[in-house]
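Take a look at the structure below.
The values are calculated or read from the model by the stated rules, or taken from the named source; none is laboratory data. Being a predicted model, the structure only gives us computed values, none of them experimental. Note: ideal-geometry Cβ built from the backbone for every residue, glycine included; neighbour counts use all protein chains shown.
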């Protein structure tokens, strides 16, 4: 299947001259995780992610998007979706602008790991279980941890979500998206509410609960169905009430390619 068959056409984007505060509002209003950044001729010059948004704070209202646009692998409409998936996983990004060609960098659409995931053929899924592909060294946090502490850990580890554990029990999940939706961007300095890091609210204020889980012996086919039904990016893996791992869409796509 080709990228053009599954990509989102006419995607939401921002201009390189827009302010970051505007981009942050666009991400929240349109519920997007990544925005293409284009110049005055609609040529893509980079992409802006939730992580970039979380690196800006309220007092810097005059900072433009251009300085925060990051590089991305070139993906074209006629590219095979698994070829695009390899490039995205290698670059560790979940959404990528689609440009018309190497010579014409006009924005044609945007492709996400979710688009690829939704078009997986179950008859092509290998006979593996979740424990074959999951991450075992799971980083967790407490519902009483401050959002500023969790965000700093996200920056250091590169993880975009953490299971929330209390008294040995899994009680929820906190993600970058939870933080952005709640308005606590760049909270280790100052967020848009004017909250200083010393006043940072607790994770329990923004986490998703209850936590969605799978047992480790779940087949990849069953896991794919669960991801599609729940519409989440990651699932905690629990055996007999004990958290043993975490699995996300990328883990499953890697198993296929």
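Taking the criterion of being over 18 Å from the mean Cα position of the chain (by Cα) and modelled with pLDDT of 95 or more, the residues of the stretch 1-13 that qualify are 2, 3, 4, 5, 6. Among the residues of the stretch 220-249, those identified as crowded, with 16+ Cβ neighbours inside 10 Å and in a strand (DSSP E or B) are 234, 235, 236, 237, 238, 243, 244, 245, 246, 247, 248.
The helices (runs of 4 or more DSSP H) found entirely in the stretch 81-181 that carry 2 or more residues being under 28 Å from residue 4 (Cα atoms) and at pLDDT below 95 are 81-91, 113-118. The set of residues from the stretch 63-117 being without any contact (Cβ under 8 Å) to a residue 24 or more places away in the chain and out of contact with any helix residue (DSSP H, G or I) (no Cβ under 8 Å at 6 or more places or on another chain) comprises 67, 83, 87, 90, 91, 103, 104.
Here is a check on your reading of the model: is residue 165 outside the structural domain of residue 37 (by TED's automatic domain parsing) and under 20 Å from residue 246 (Cβ atoms)? So residue 165 passes the test. Residue 203: under 22 Å from residue 49 (Cβ atoms) and modelled with pLDDT of 90 or more, yes or no? Yes: the conditions hold for residue 203. Listed by first and then second residue, the pairs with beta-carbon distance under 7 Å, at least 6 apart or on different chains, first residue in the stretch 210-228 and closer than 18 Å to residue 123 by Cβ, second assigned to a loop (DSSP other than H, G, I, E, B), are 220/125; 220/126; 220/128; 221/125; 224/120; 224/125. Of all residues in the stretch 192-200, none are closer than 22 Å to residue 234 by Cβ and modelled with pLDDT of 70 or more.
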